[in-house]
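Accompanying notes for the structure given below.
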Amino acid sequence: MTERPDALEAARMATGTSPRLRPGRSSYLVGAMCILLCVIVLTPLVVSVLASVKSPGESAAVPPTYVPQTFSLESYQRLWEFQSGLMTYVGNSLGVAFLTIAFTVALTVPAGYALARFPLPGKELLFVFLLLALIIPYQALLTPIFLIFAQIGLTNSLVGLAIIHTAIQMPFSLYIMRNSFEAVPRELEEAAVVDGGNTWQVLVRIFLPAVVPALVTVALFAFVMSWNEFLGALVMMNRDSSYTLPVILALSRTQTSLGGTDWGMLQAGVSIAILPCIAIYLLLQRYYVSGFLSGAVK
Amino acid sequence: MYSSRRSKLIGFLYLAPALLFVLAFTAYPFGQMVWMSLHDWSLLEPPRFIGVDNFDRALNDRQFWGSLTFTLKYTLLITPILIVGGYLVALLTAPNTPLRRFTRGVVFVPVVIGLGASSLLWYWLFSPRNGLVNQALSDIGAIETPVLWLGVDADISMWAVIASVVWKVLGFGMILFVAAMQAIPSEVGEAATVDGAGYWQRVTRITLPLTLRTILLVTLFSVIGSLLAFDQFFIMTAGQPHNATATSVFYVYLNSFPFLRLGYGAALSLILAAIILLFTVVQVMLTRRSYA
Amino acid sequence: MRTHARFPGVAIAAALVLAACGGPGASPSAEESAAESEPAASASAQGGNGEADPMVMWERTGGNAPMVDALVAAWNDANPDRPIELTYVQHDQMVPNLARAIASGDVPDLMGLDLIYGPEFASLGHLEDITDYFEGDSTLDTASPGHIEVATWDDRLYGVPLYADVSVLFWNKDLFEAAGLDPETPPESLQDIHDMAAAITELGDGTYGYYLPGNCAGCNIFTFAPMIWASDADSKIEPSFPGEEAMVGDIKPVLEWARMMHAEGLIDPAAQAETGETFAEVFGSGNVGIMGTGNFNVALLQDQNPDLDLGVTVLPGLEAGTSASFAGGDIVTVPKGSERVEDAVDFMKFILSDEVQLEVYAQELNMTTRTDLLDNEYFNANEDVLDTAQAIPIARTPYTLKFFELINSPNGPWLQMLQRVYYTDDDLDEVIADAKEEMERIINE
């Protein structure tokens, strides 16, 4: 996505209205539509976060209030103390997510290199693999995996869940990495080879720096997927101390303790679940979008 | 420069970790699943080999076909909304002015949060007495009694879920469309304008054809994603009422977990995968034809 | 060649090592599972606290969590050397979770189970036989009969009561007065409920005379089924074993009554969406005149709405003077293959002991699971709780091998039938016949 700093140029470039030909009225309309769109999209997020800072009485109130009349962090307090404590669950989620990133990177960097730069029949295999992985619902694979893991002691472990998440992300990650390796100009590689490097050195010195953006993208998507995934976590973890955040959030609805769903606490949980995702997006916007594009449009 | 054979071997070694990983954690469980589909497997009793009985049962299973119908209905309804909606928003935000770039960024935000978190958020918003949707509708006088959005009426539930998913996913199509639109050389649009073409004429005659490939791609992703829908229904309706909002994958889940009919669930997965494969092949073929 | 191969080789080796160890130090759960399978190595689990040897206990969500938390806390105080690590499992995941645990051999040490699953699990051999441990133990003699019955299979005992719920009928004395009814006279028959509910609904303004949840199978078996039992003492909804009949008895009149209650608008339309998640706070909202609910609602009401003037009576049937109740709650069992059977049994004896019955159960106004201790200072000080105790002698627990599929499942024939009764005009004979057929199909599967 190239960006042209000249606003006029940019306006012309797209197939939208050229302000020079029809100034004034239509650009106000466009502006209004944009703002309206932003409001519509952001409202659910904003009210959710606002709901999490209402006092418990207010968050249970019927009829509900749009904007908090009270301010209280008690919902977060209750979430913090819920069963094994929020720290445990968030810790587990983070642990699994980082392990997923580690596994994914460790596996797909050499694999991408191999598929892009070596004469393997990998292209066809990769395509078939991607397709199969895309159409088979992974939910049905969970129980066979659980039984396998049980035999090797990987249930209730962050590593086990990370392996599953890595497997789920594998097609997309492989695809991105391979494309990225492929895009590295041959001249660079040939120059390094001429300098007398072996494949490992070529990989590390030439390719790795070149594919860092793709790596970031892959890591990013792996994180988001792992952080949010819940059925696999539900199946693999049957000890409270191993639960991840999505599991606890889903659980907290039915764990009514006879008092009805704790909406405030639920929204606090939702806020905590979406916060890292939004933060990562804001910080790494460039990689996020480029990952989408290279993964999809190519 | 290496000899071809040596090159192949080295390449294979680099591929090996990922290959082993996939074999161990994807291919093997898949094989296991295929094996299970030929059994009556409840986990609590020893598995019993029953050959293709599971598949036979699926053909006559009203609930399975019902779920498939519902999934298709959901897909057919949500896909146009996502494509058309995404495209329109892309048209609106494609130019690189600050406001439009900002809007683009905002519309993309729901895409980055998890589907589970999003579903919980909307589950709360659609709650009959504690949710803000009913509150807002009642405040503007559109409704008198609270609408029971989720779990009571299959169609209303479906639309509620569609609303939440469209909110979450629209930005995905939008971004891809914007990229495709921005790839169109500006001279084309300018030439058309000089020739007197109006805005919508430019859109239909220039933009649409030149972004067709992306449209078809986004459609393909949307369709596959919708056919495999699970999380949103699991959290928002749990298949209610009476499994009328149970998608195909949800039914697979029901069999593989609460019902403890793992063999049957495995068989259903395979059937479902075959159906989706068919869809995909048809769609890709249609795509190819549009270029011919 | 060596140098090229190094990285992939190292990667493979690292991956295998990581997989084999389950990630040393990667998670606290690694230590927990180590502790479970090797009591000798458990010192690491508590980080230097001596020889603490935790037991893992599963318990379902949607039950009386505060009660269970209190019991576990009491045990942990008294037994710091063998604390219980309580894990809540989503109630509809309980069965598949346990199935996977059994299949993989990684079972929890003890387990709180919705009592209605007792027969199914015991019959399949998934629970440890604890009969011998209670030989000569008198505390069981007076334990809740409903619980003990479902915990018994083939004359052997597989569990003891964890906590007890009974269903009762609440009435809002304030609303009664406002509607011109005598606040001290409860309804004694289904007709009474209808008439009184009609008077209360007249008050308008979001007030309704009665309440029946439309999307909660468990709530209905708990608070509506007893009306069927009260109307025909020989009636039986659930088939217990394969080959048995379902929907036995004169059930139709009670269904007609329920349909009429809905048709006449005596029930809040929003009840149709009630999945059970907000069921326990409905009465406390003060908008419902009469409602079937459980004894737990007494304590809850004191928190939610202490000013509400509450009346408690038994759930009636068609005829005045008939009544019944559902004895629900959880039993605590030991899964087959547990390595802490004796410790688990100690926990069972602990919760059946006089002190815990009085100081933990009764003090929190929860039912004691021993009927001989119903007469205690805490209950005697609270009229409402005493009234709920009336339901215990008449309480029944369904006994079947397929309770979830038949009754509790949101997609099962029980809820399906009720929803047709409440919200459609489908012919009742047909509705009953369809439910009967489906139930019999399920039990015979």
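The values are calculated or read from the model by the stated rules, or taken from the named source; none is laboratory data. Because the structure is predicted, anything quoted here is derived from the model rather than measured. Please note: Cβ atoms are built from the backbone with ideal geometry, for glycine as well, and neighbour counts cover all protein chains shown.
A few comments on the model shown:
Quick grid of which residues meet (1) of a type in the set (A, V, I, L, M); (2) at the interface with another protein chain (Cβ under 8 Å from one of its Cβ atoms); (3) in contact (Cβ under 8 Å) with a residue 12 or more places away in the chain:
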residue	(1), (2), (3)
B:V112	yes, yes, no
B:W122	no, yes, yes
B:V165	yes, no, yes
B:G173	no, no, yes
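- Pair list, Cβ < 9 Å and 6+ apart or interchain, from the range C:152-178 residues that are buried (at least 24 other Cβ atoms within 10 Å of the Cβ) to residues that are of a type in the set (K, R): C:V160/C:K349; C:P161/C:R370
Per-residue answers, yes or no, for (1) crowded, with 22+ Cβ neighbours inside 10 Å; (2) within 24 Å of A:L284 (Cα to Cα); (3) of a type in the set (S, T, N, Q):
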{"residue": "A:V204", "(1), (2), (3)": "no, yes, no"}
{"residue": "A:T217", "(1), (2), (3)": "yes, yes, yes"}
{"residue": "A:W227", "(1), (2), (3)": "yes, yes, no"}
{"residue": "A:G232", "(1), (2), (3)": "yes, no, no"}
{"residue": "A:V235", "(1), (2), (3)": "yes, no, no"}
{"residue": "A:N238", "(1), (2), (3)": "yes, no, yes"}
{"residue": "A:L245", "(1), (2), (3)": "yes, yes, no"}
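- Some residue of the range C:153-161 being outside any helix (DSSP H, G or I), within 12 Å of another protein chain (Cβ to nearest Cβ) and closer than 30 Å to C:G284 by Cα: no
- Of all residues making up the range C:48-79, the number that are loosely packed, with under 15 Cβ neighbours inside 10 Å and at pLDDT 90 or above: 3
- Residue that is farthest from C:D205 (Cα to Cα), among those in the range C:259-289 that are away from every other protein chain (no Cβ under 14 Å) and surrounded by 21 or more Cβ atoms within 10 Å (Cβ to Cβ): C:M261
- Evaluated against (1) of a type in the set (D, E, K, R); (2) within 27 Å of B:V161 (Cβ to Cβ); (3) more than 10 Å from chain A (Cβ to nearest Cβ), B:D231 falls short on exactly one condition, (3).
- Hits in the range B:234-265 (condition: hydroxyl-bearing (S, T, Y), in contact with a Gly (Cβ under 9 Å, 6 or more places away or on another chain) and more than 8 Å from every other protein chain (Cβ to nearest Cβ)): B:T237, B:T245, B:T247, B:Y251
- One residue from A:I280, A:I272, A:I248 being facing another protein chain (nearest Cβ under 10 Å), part of a helix (DSSP H, G or I) and more than 23 Å from A:S157 (Cα to Cα): A:I280
- Filter result for A:R117 (more than 24 Å from the chain's Cα centre (by Cα), among the charged types (D, E, K, R) and at the interface with chain B (Cβ under 10 Å from one of its Cβ atoms)): yes
- Residue identified as closer than 30 Å to A:S241 by Cβ and of a type in the set (V, I, T) among A:V49, A:V30, A:V62: A:V49
- Candidate set: the range A:123-143, residues that are more than 14 Å from B:I276 (Cβ to Cβ), more than 7 Å from chain B (Cβ to nearest Cβ) and not hydrophobic (A, V, I, L, M, F, W, C); chosen: the one surrounded by the fewest Cβ atoms within 10 Å (Cβ to Cβ): A:E124
- The lone exception for B:S42 - which of (1) within 14 Å of chain C (Cβ to nearest Cβ); (2) more than 24 Å from B:A246 (Cβ to Cβ); (3) crowded, with 17+ Cβ neighbours inside 10 Å it fails: (2)
- Residue selection: B:L92 satisfies the criterion of being of a type outside the set (S, T, Y), without any contact (Cβ under 8 Å) to a residue 60 or more places away in the chain, within 10 Å of chain A (Cβ to nearest Cβ) and surrounded by fewer than 22 Cβ atoms within 10 Å (Cβ to Cβ).
- Within the range C:387-411, considering residues that are under 19 Å from C:G63 (Cβ atoms) and assigned to a helix (DSSP H, G or I), the one modelled with the highest pLDDT: C:I407
- Residues (buried (at least 21 other Cβ atoms within 10 Å of the Cβ) and either more than 16 Å from the chain's Cα centre (by Cα) or away from chain B (no Cβ under 14 Å) (or both)) located in the range C:408-418: C:G412, C:P413, C:W414, C:L415, C:M417, C:L418
- Scanning the range B:8-39 for residues that are within 9 Å of chain A (Cβ to nearest Cβ) and among the β-branched types (V, I, T) yields B:I10, B:V22, B:T26.
- Considering residues of the range C:131-149 that are of a type in the set (V, I, T) and modelled with pLDDT under 90 only, the residue farthest from C:G328 (Cα to Cα): C:T139
- Options A:A222, A:A162, A:A210: the member that is in contact with a Phe, Trp or Tyr (Cβ under 9 Å, 6 or more places away or on another chain), crowded, with 24+ Cβ neighbours inside 10 Å, over 30 Å from C:T61 (Cβ atoms) and more than 9 Å from chain B (Cβ to nearest Cβ): A:A222
- The single residue among B:L82, B:L20, B:L76 that is touching a Gly at 6+ places or on another chain (Cβ under 8 Å) and either outside any loop (DSSP other than H, G, I, E, B) or of a type in the set (A, V, I, L, M) (or both) turns out to be B:L82.
- Selected residue (only one of B:L278, B:L210, B:L216, B:L262 is of a type in the set (A, V, I, L, M), over 14 Å from the mean Cα position of the chain (by Cα) and buried (at least 24 other Cβ atoms within 10 Å of the Cβ)): B:L262
- Among the residues listed as A:G112, A:G95, the single one being closer than 30 Å to B:L23 by Cβ, modelled with pLDDT of 80 or more, in contact with a Ser or Thr (Cβ under 7 Å, 6 or more places away or on another chain) and within 7 Å of another protein chain (Cβ to nearest Cβ): A:G95
- Scanning the range B:212-242 for residues that are within 22 Å of B:A273 (Cβ to Cβ) and of a type in the set (D, E, K, R) returns a single hit, B:D231.
- Matching option when the condition is closer than 21 Å to A:F181 by Cα, more than 9 Å from chain B (Cβ to nearest Cβ) and either surrounded by 23 or more Cβ atoms within 10 Å (Cβ to Cβ) or not polar (S, T, N, Q) (or both), among A:V67, A:V53, A:V105, A:V90: A:V105
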